[in-house]
Amino acid sequence: MDTTEIPMTVADYMVKSPVSNEHWQPVAHARQLMLMHSFSFLPVMHNEKWKLLSEMAVVAFLQPKTKSERAKGLAQSLSDAVQAGLKLIPAKTLKPTMEIGPLVAKSSIRPVPTLWLVVESKGRLTGVLSPFELM
């Protein structure tokens, strides 16, 4: 029997049912998902690239605004909100087959809050990975 240890991959740790927001859905939907799941970041496909919507970006987009401006901002589609100033962060994407060891070594050099998106062929989001899952 071979006792060689098989390296752990992203697929071994990732959350396999990722929650994301579509570009056509309103900002209110993204906000609701973030509040309901206690997310700091939410994956969004924008202009055919995966991006992250941060909780602070939503705050900056909605504040300081009057009640009517805030309601209008919440009702906008994510795409329209981006055009109006909502900031998205480029996402770090991983393949499910990537080894965890090199990823952790590379990421620990410059630690920043992060959420990696696990993407398969044709850009399909298949999972998410955060430092929480690796602990």
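The values are calculated or read from the model by the stated rules, or taken from the named source; none is laboratory data. Nothing here was measured: the structure is a model prediction, and the numbers come from that model. FYI the Cβ positions are ideal-geometry reconstructions off the backbone, even for glycines, and counts take in every protein chain you see. With ligands, DNA and RNA removed, areas are computed over all heavy atoms of the protein, side chains included. Shrake-Rupley method; radii C 1.70, N 1.55, O 1.52, S 1.80 Å.
Annotations
- Within the set K65, K87, K72, K92, the sole residue that is modelled with pLDDT under 95 and farther than 20 Å from P18 by Cβ turns out to be K65.
- Listed here are the strands (runs of 3 or more DSSP E) enclosed by region 87-135 that have at least 3 residues being over 12 Å from L52 (Cβ atoms): 125-129.
- Scanning region 105-135 for residues that are of a type outside the set (S, T, N, Q) and farther than 21 Å from P43 by Cα gives A105, K106, I109, R110, M135.
- Screening G85, G101 for residues that are in contact (Cβ under 8 Å) with a residue 40 or more places away in the chain and open to solvent by 20 Å² or more (accessible area, probe 1.4 Å) leaves exactly one candidate, G101.
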